[in-house]
């Protein structure tokens, strides 16, 4: 193919990363036009280059759009299973309610049950952790109140 090696050299000077960033050597369009003439087609090298750049933009857009969709909408099977476990634990905590918790932790049950369940998985996990921490803190403080630490015996120092 006449001019192909010169087109490749020209693209080498620009860089192949630039090629994928829509910077195509002019010589490439010339080679493509010569190929169209050889095939007997009426296409032009300029139109080919324009279409190539357009396809690259479409590919970049599709990749970006796919990433956004994956990030927003798709949950893995592990996320779904984890979400089911968290939802059951939240149901249990709401059934037990704020009883047994210090007054300062009652605010954890201010949002309605369905509002908490319709939140994101991250929020539900954080809410559950806060409630469980508050309950274990209450149990620990009650145990400490029943079994106060015995102070160490006083020692007398003789000089």
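The values are calculated or read from the model by the stated rules, or taken from the named source; none is laboratory data. Computed from a predicted structure; not experimentally measured. Cβ: placed from backbone, ideal geometry, glycine included. Neighbour counts: every protein chain shown.
Return the only residue of 30, 100, 83 being touching a helix residue (DSSP H, G or I) at 6+ places or on another chain (Cβ under 7 Å), surrounded by 10 or more Cβ atoms within 10 Å (Cβ to Cβ) and touching a residue at least 40 places away in the same chain (Cβ under 8 Å).
Numbers: 30 fails: touching a residue at least 40 places away in the same chain (Cβ under 8 Å); 100 fails: touching a residue at least 40 places away in the same chain (Cβ under 8 Å).
After ruling out the rest, the residue left standing is 83.
Which residues, counting only those in segment 7-21, are surrounded by 14 or more Cβ atoms within 10 Å (Cβ to Cβ) and in contact (Cβ under 8 Å) with a residue 24 or more places away in the chain?
Within segment 7-21, 7 is the sole residue that qualifies.
From the list 47, 42, exactly one residue is surrounded by 14 or more Cβ atoms within 10 Å (Cβ to Cβ) and at pLDDT 90 or above. Which is it?
Numbers: 42 fails: surrounded by 14 or more Cβ atoms within 10 Å (Cβ to Cβ).
The match here is 47.
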